[in-house]
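For reference, the structure is listed below as structure tokens.
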Amino acid sequence: MDILSCDQLAKKNCVPCEGGVPKFSAKEAEEQITHLSGWELTRDSQRIRKSWVVTDFQAAMSFFEKVAVVSESEGHHPDLHLEQYRNVTIELWTHAVGGLSENDFICAAKIDELPIELKC
């Protein structure tokens, strides 16, 4: 599997997946994650996650709305978590392959391009 830069990933589109795409090995996931700022591998390298602290509840909801638009356009849907009104976490994995695919890294790169109101 090719390891791509964040810019290369952001220019790609997710491929519809019903289980027919390759699953990243732990080694491939570890190599690919180094090209995404702030994302970490979780659950034995089967998922990726990133957290932010935003200014307030409205900033969190606004960010989630933007993530929803990108995710829906890519046909790839992350888990969105909000705790204590401004702690935002997004988790990605490809359910159909039971782990990570290139789609997860594409979505992560596109999410990183979205504006977000961070707490100083």
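Structure above, values below:
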quantity	calculated
Peptides ranked, highest mean first, by Cβ atoms within 10 Å: ranges 32-39, 96-103	96-103, 32-39
10 Å-binned pair-distance histogram of the chain (Cα, whole percent)	14, 48, 31, 7, 0
SER73-LYS12 pseudo-label distance in nm [points 7 Å out on the Cα-to-Cβ vector]	1.8
Lysine pair count for the chain [Cα-Cα under 30 Å; pairs on different chains or 8 or more apart]	22
Anisotropy class of the stretch 78-120 from Cα gyration tensor, a/c 1.5 cut	oblate
With at most 16 neighbouring Cβ atoms within 10 Å, loop trypsin sites (Lys or Arg not before Pro) (DSSP) excluded, longest segment of the chain	44-118
Three-way shape label, the stretch 19-61, alpha-carbon gyration tensor, a/c 1.5	prolate
Chymotrypsin sites (Phe, Trp or Tyr not before Pro) lying in DSSP loop within the stretch 60-118, provided at most 14 other Cβ fall within 10 Å	TYR85
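None of the figures in this text is laboratory data; all of them are computed from the coordinates on show. What you see is a predicted model, and the numbers here were worked out from it, not measured in a lab. Methodologically, a virtual Cβ is constructed for each residue, glycine included, from the backbone with ideal geometry; neighbour enumeration extends over all protein chains shown.
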